[in-house]
1. How high is the FRET efficiency between L41 and V67 when r is their beta carbon distance and R₀ equals 22 Å, given to the nearest 0.05?
2. Measuring from label point to label point, each 7 Å out along Cα→Cβ, what is the N118 to Q24 span in nm?
3. For each pair in K7/K58; K58/K112; K4/K112; K36/K58; K58/K132, compute the distance between the two Cα atoms and list the pairs where it is over 20 Å.
4. How much FRET efficiency would the formula 1/(1 + (r/R0)^6) give for M1 and Y140, where r is the Cβ-Cβ distance and R0 is 41 Å, rounded to 0.05?
5. Quickly rank 83-91, 13-21, 125-133 as a protection proxy: mean count of other C-beta atoms within 10 Å, highest first.
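Please treat every number below as a calculation from the coordinates, not as lab data. This is a predicted model, so every value here is computed, not measured. Heads up, the Cβs are rebuilt from the backbone with ideal geometry, glycines too, and the neighbour counts pull from every protein chain shown.
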Amino acid sequence: MSTKVEKRILVNVPVSTAYNQWTQFEEFPHFMGGVKSVTQLSDDRIEWVAEIAGVRRKWEAKILEQVPDQKVAWAATEGATNAGAVTFEDLGGGQTSVQLTLEYEPEGIVEKVGDKLNVVERQVEGDLKRFKEFIEDEGYASGAWRGTVGGGAAVGTPGVDAAAASRGDSGKAGVSGKMAAGVGVAAAAAVGAAAAMRGDDTRTETAPTAVPAETTPIVPTTTAPVDRPVGEPFDQTNGLVDFEGDSDGTVVSDTASAAERKGDVDRDGGLPPAGGTLGQH
C-alpha cells in the first residue's frame, strides 16, 4: 500500500531563482536531510542514495517532465519505489509557491513502522523549510538548467504506478540485516510509547519480579522484645515504640531514662516538661 505526501512552502525569491536552484540536483544534500548523494547520470536520469531513520536506500529515477519555472516530475526506475512532482507558482512581488508531492511504497517492517510514525512526511516538511532557508540566505541560484524534458507532454503528478519498473527491486535497498534489526527495535519501542500515550492496550503486561522482603532487626528492651525498623524513635521510659514522639509527653529526641528525667524535675522545682505531664500515656 502506497503513502502520499503533499507539502507546500512560500519562498521569498523570484520563481526563476527557486526553479534554477532546484535543477541543481547534486546539491540536494545541502538542504535535504538524509540524502547522502545525488548523481546526475544524464538530462533525465538521476541516482539517489538516502538514509532516513537508519534505513539506507539507493534508487534511480527518470525525469518524466521538466518545464522551466513550472515543474519537475519523476518516477523511480529501480530501487525504492517512489514518484512525484515539484511545482513552482509565481506569486509576484518576488515570491514563489513551491509544492512537493511524493508517493512511495514502504518496504519491510522497518519502513512500515516509520510510515506509521510519519517519518517521511516530517522529513519532506523539513526539507522544504531548509530549501527556503538555503535559497533565501543566498538570494540567487548556484546554477541553472533551462532545458525541457518530455517534449511538452504533460504527465500530471506521477504516482507509484509510474514507478512500476522499480517494484520488486528491494534487493538494491542496501539495508544491512544488523542495521535493520537495530532500527526495528527502536521503531517498535517508539510504537509502544506512542500506544501508551494514546492509552491503547497493545502492550503485553509482564508480572513484576518479586523482591525479597528486608529482615527487620529485633531490638531488645527491658520488657517484651519489640520489632521495629532501624531508626524509629524509641521511648526508654516504658520500653515501647513511640511512633509519634509524644505518647509520654516527650519529644522524639528525648532518650533520657525515667530516673534522669525525675532528677531534672527535682532540680527544676517539680515543673513538668513542656507539652505534657510525666508518665502520661
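1. With a Förster radius of 22 Å, E is 0.60.
2. 3.2 nm
3. Table pairs above 20 Å Cα-Cα are K7/K58; K58/K132.
4. For M1 and Y140, the calculated efficiency is 0.45.
5. Highest mean packing first, the order is 13-21, 83-91, 125-133.
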